[in-house]
Amino acid sequence: MSDARTPEAFDAAIIGGGAAGVLAAIGLLRQASAPLRIVLIEPGAEPGQGIAYATRDPQHLLNVPAGKMSAFADAPDDFVDFLVQAGAFSPLGRESIAPRYVPRRLYADYLHERLGAARGRSPARLQLLRDRVVALDKAGAAVVLTLQHGGRLHARQVVLAVGNAPRPLPARGAATLEARHRIDAWDSQALAAIPAEATVCIAGSGLSMADVAVSLHARGHRGPIHVVSRHALLPLAHAEAAPAAFEPQPLLAMTLRQRMHALRAHAAQAQRDGLPWQGVMERIRPLGQALWRSLSDADQRRFLRHVVRYWDVHRHRIAAPVHECLQLLQQRGQLHVHRARLQAVSAAGDGVRLGLHGACGPLRIDAHCVINATGVEMRAQAMRNPLLQQLLGSGAAVAGPHGIGLDTTDDGSLVDAGGNADPRIRVIGSLRIGRLWESLAIPELRVQARDAAAAALPALQGQDPGEGIGNS
Ligand SMILES: Cc1cc2nc3c(=O)[nH]c(=O)nc-3n(C[C@H](O)[C@H](O)[C@H](O)COP(=O)(O)OP(=O)(O)OC[C@H]3O[C@@H](n4cnc5c(N)ncnc54)[C@H](O)[C@@H]3O)c2cc1C
């Protein structure tokens, strides 16, 4: 496609082909009643994977039970149905599969299958485009998408589903290290090349650290594994827990301090009743967005400054086998957790020297490599995504509350620097974090994707995608 040609016109364009983008595509295909033209633009090879589901490592498990991972809010058993039909856990029945934390790769297979089925049954046509959008501009009734590989597209409606981005390694000298000494937690090939006796250092102690540790363990890694984290909080384990029996609505009227006090009291009560504290978190899980939105601005700030790291380890828990593996590695003295700040890294011999600053002063670790598991960036400006830079730079978008994500209306329409919402551009997924907080996991994404499709279609059905598009 070249600039000299008339840009190709689509009814709807979905930018980003991770889980959220694929759910939006399925939503449009399923709800369309006319032969619309839809394009899904994703630079990666396979849509529906993103960072979370691209892994083929069977040790990397979903952190949500299969029974809660349906792609469709109105068909809650759909993922379990897929697993049963695929014979993934034969001869186990659906009741045994629903509470399991299954390998994440099965979720990628599921989305792939459901996307194919939706394409086969829809009057709409979906084109997959392997490219990256670098700019969005408005031209009359259309939105113009500029592609990294050259060329432009027009679309009447746009779904922005670009997810977030891994944080760079937060240490001086990181850019000077050779690639084999500075490994990304999601780079399975580089992880597989680490010698079994090597000393490794993982920066970060969250879910990605857990992924790395279980992968190393499964491959028979024998060398020391150092985990460096400022707060040294490891993810806690899931437990088989029904939602605790308390009424969560009163929490919404409380201040942050009162809520924390109330939740601790509910957890203590659960323990007195011989029930796991996890049931308290299960109880409030459906209220995740309401809990955030009902906090005052000042309390949201306090949460981000003081509470979030404790919240995260309780809210984003790991499957029991993953937790057991971490405990085993710690008990046998192979995995060491350092409460310290990673300050600098430098090449040293055939490895890397890490300079840390901990509670007891400076500390030095010599390792074969440092693995970046510091998690994802929440500030759109810092995500190093050219499209987000362009949107923010041109004023077509502004950062969301507290500088995280992008600002959107309640229905996800993108808000510009002048405070105006554009209903043609709907944001789904983690970029809505500032407004919603809970906007990352499948239970939220499937609702946002369905609603974005439903909102886009009335403007599209029965219209020619070229209609109303001016020269640009
Ligand atoms: C390791 C891990 C495990 C997880 N496990 C679970 C789980 O068990 N259950 C659960 O509910 N959630 C889980 N999550 C949350 C998970 O992030 C979401 O479920 C989901 O994968 C998010 O999908 P997304 O499409 O919003 O973002 P992403 O997966 O980040 O996908 C965004 C896509 O957009 C593309 N993109 C970016 N910029 C552009 C551009 N300019 N143009 C075109 N394309 C672009 C990227 O290439 C990427 O493929 C997990 C997350 C991680 C990281």
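Here are the numbers for this structure:
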| read-out | value |
| --- | --- |
| Residues being closer than 23 Å to Arg105 by Cα and free of Cβ contacts under 8 Å to residues at least 60 places away in the same chain - total across the range 191-220 | 5 |
| Helices (runs of 4 or more DSSP H) enclosed by the range 14-120 - at least 1 residues per element that are touching a Ser or Thr at 6+ places or on another chain (Cβ under 8 Å) and more than 25 Å from Ala455 (Cβ to Cβ) | 78-85 |
| Single condition Ala45 does not satisfy, out of (1) open to solvent by less than 10 Å² (accessible area, probe 1.4 Å); (2) within 12 Å of the ligand (Cβ to nearest atom); (3) among the aliphatic types (A, V, I, L, M); (4) more than 15 Å from the chain's Cα centre (by Cα) | (1) |
| Qualifying positions in the range 18-33 - among the small types (Gly, Ala, Ser) and near the ligand (Cβ under 8 Å from one of its atoms) | Gly18, Ala19, Ala20, Gly21 |
| Segments classed as strands (runs of 3 or more DSSP E), wholly inside the range 368-461, with at least 3 members that are within 13 Å of the ligand (Cβ to nearest atom), in contact with an Asp or Glu (Cβ under 6 Å, 6 or more places away or on another chain) and open to solvent by 20 Å² or more (accessible area, probe 1.4 Å) | none |
| The range 199-246, residues that are in a strand (DSSP E or B), buried (at least 21 other Cβ atoms within 10 Å of the Cβ) and of a type in the set (Gly, Ala, Ser) | Ala203, Ser229 |
| Residues (open to solvent by 10 Å² or more (accessible area, probe 1.4 Å) and in contact (Cβ under 8 Å) with a residue 12 or more places away in the chain) located in the range 355-364 | Gly355, His357, Gly358, Ala359, Leu363 |
| Residue in the range 341-348 that is over 29 Å from the mean Cα position of the chain (by Cα) and either among the aliphatic types (A, V, I, L, M) or open to solvent by less than 40 Å² (accessible area, probe 1.4 Å) (or both) present | yes |
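Matching residues to (1) surrounded by fewer than 19 Cβ atoms within 10 Å (Cβ to Cβ); (2) within 13 Å of the ligand (Cβ to nearest atom); (3) farther than 22 Å from Arg156 by Cα; (4) among the acidic types (Asp, Glu):
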position: Pro7; (1), (2), (3), (4): no, no, no, no
position: Tyr53; (1), (2), (3), (4): no, yes, yes, no
position: Pro58; (1), (2), (3), (4): yes, no, yes, no
position: Met69; (1), (2), (3), (4): no, yes, yes, no
position: Phe82; (1), (2), (3), (4): no, no, yes, no
position: Gly87; (1), (2), (3), (4): yes, no, yes, no
position: Ser96; (1), (2), (3), (4): yes, no, yes, no
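So that you can scan it fast, the table gives a plain yes or no per residue for (1) more than 16 Å from the ligand (Cβ to nearest atom); (2) not aliphatic (A, V, I, L, M):
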| residue | (1), (2) |
| --- | --- |
| Gly16 | no, yes |
| Pro35 | yes, yes |
| Leu40 | no, no |
| Leu61 | no, no |
| Ala73 | no, no |
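The values are calculated or read from the model by the stated rules, or taken from the named source; none is laboratory data. Everything quoted here is computed from the prediction, not taken from an experiment. We place every Cβ from the backbone using ideal geometry, glycine too, and count neighbours over all the protein chains shown. Protein only, heavy atoms only, side chains kept; ligands, DNA and RNA dropped before computing areas. Shrake-Rupley method; radii C 1.70, N 1.55, O 1.52, S 1.80 Å.
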